[in-house]
Amino acid sequence: TRFFARLRRLQPVAGFAESERGAGSAPWRHAVAVHPLAYLGHRATFMGQFLARSNLVLPVWDWLDPGAAYGWRPYFRPLVALHDALQPTVLFRPGLWLVLAVAVGVLAWRVRSTPAGAFALGVTTSAVVYVMTFFVVGVAADFRYAYWCVLAALAGAVAVGVAHHYRRATLQSD
């Protein structure tokens, strides 16, 4: 992105030798301070890729190598075919799971006084915060970084269902 192009131009000006670039964060901090909008643009581009575009789901690049121990096994090949079919779909976009986690969290708010509702609210809030931290610290847009959000959205949805059922049953018995 433009941010990294500017960072590469700034590093020699800032007085950092080639060997020092990986040694510290001073060139990075300097570039962010001098070009904060470029840095925010870079982070927004990263989050757009992470949340809405096709990303690496499973590291299949070496699975079909002739030397791979498991890539050519007859029970593994259908998994690779299923991966190849599902990987470009919305199912493997972290943004979908982030939206679902927010929706489950909103539904959990009404039943947060029940144990299941509190659980759902806690896990979905945790997942949303976790995924959103990638705006600041994310370095790779692999789907594996959204696994917690997927699990939290699914488990939270089940817990919200239980909490609503419990609440209805409690209100009917009163």
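Looking only at residues in segment 103-116 that are over 11 Å from residue 158 (Cα atoms) and open to solvent by less than 40 Å² (accessible area, probe 1.4 Å), the one that is modelled with the highest pLDDT is 105. Restricted to segment 43-64, and to residues there that are modelled with pLDDT of 90 or more and among the small types (Gly, Ala, Ser), the residue that is farthest from residue 137 (Cα to Cα) is 52. Looking across segment 129-157, just one residue is at pLDDT 90 or above and either on the phi > 0 side of the Ramachandran plot or outside any helix (DSSP H, G or I) (or both), and that is 133.
Here residue 79 meets each of (1) of a type outside the set (Phe, Trp, Tyr); (2) surrounded by 14 or more Cβ atoms within 10 Å (Cβ to Cβ); (3) more than 25 Å from the chain's Cα centre (by Cα) with one exception, condition (3). Restricting attention to segment 142-174, the residues that are open to solvent by 20 Å² or more (accessible area, probe 1.4 Å) and more than 19 Å from residue 121 (Cα to Cα) add up to 9.
Test residue 119 against the stated conditions and say whether it is more than 16 Å from residue 159 (Cβ to Cβ) and either modelled with pLDDT of 95 or more or open to solvent by less than 50 Å² (accessible area, probe 1.4 Å) (or both).
Numbers: more than 16 Å from residue 159 (Cβ to Cβ): no; either modelled with pLDDT of 95 or more or open to solvent by less than 50 Å² (accessible area, probe 1.4 Å) (or both): yes.
Spelling it out, it is not the case that residue 119 is more than 16 Å from residue 159 (Cβ to Cβ) and either modelled with pLDDT of 95 or more or open to solvent by less than 50 Å² (accessible area, probe 1.4 Å) (or both).
The values are calculated or read from the model by the stated rules, or taken from the named source; none is laboratory data. Owing to the predicted nature of the structure, the values given are computational and were not obtained by experimental measurement. Using ideal geometry, Cβ is built from the backbone for each residue, glycine included, and neighbour counts are taken over all protein chains shown. Side chains are part of the model used for accessible areas, which takes the heavy atoms of the whole protein and leaves out ligands, DNA and RNA. Shrake-Rupley method; radii C 1.70, N 1.55, O 1.52, S 1.80 Å.
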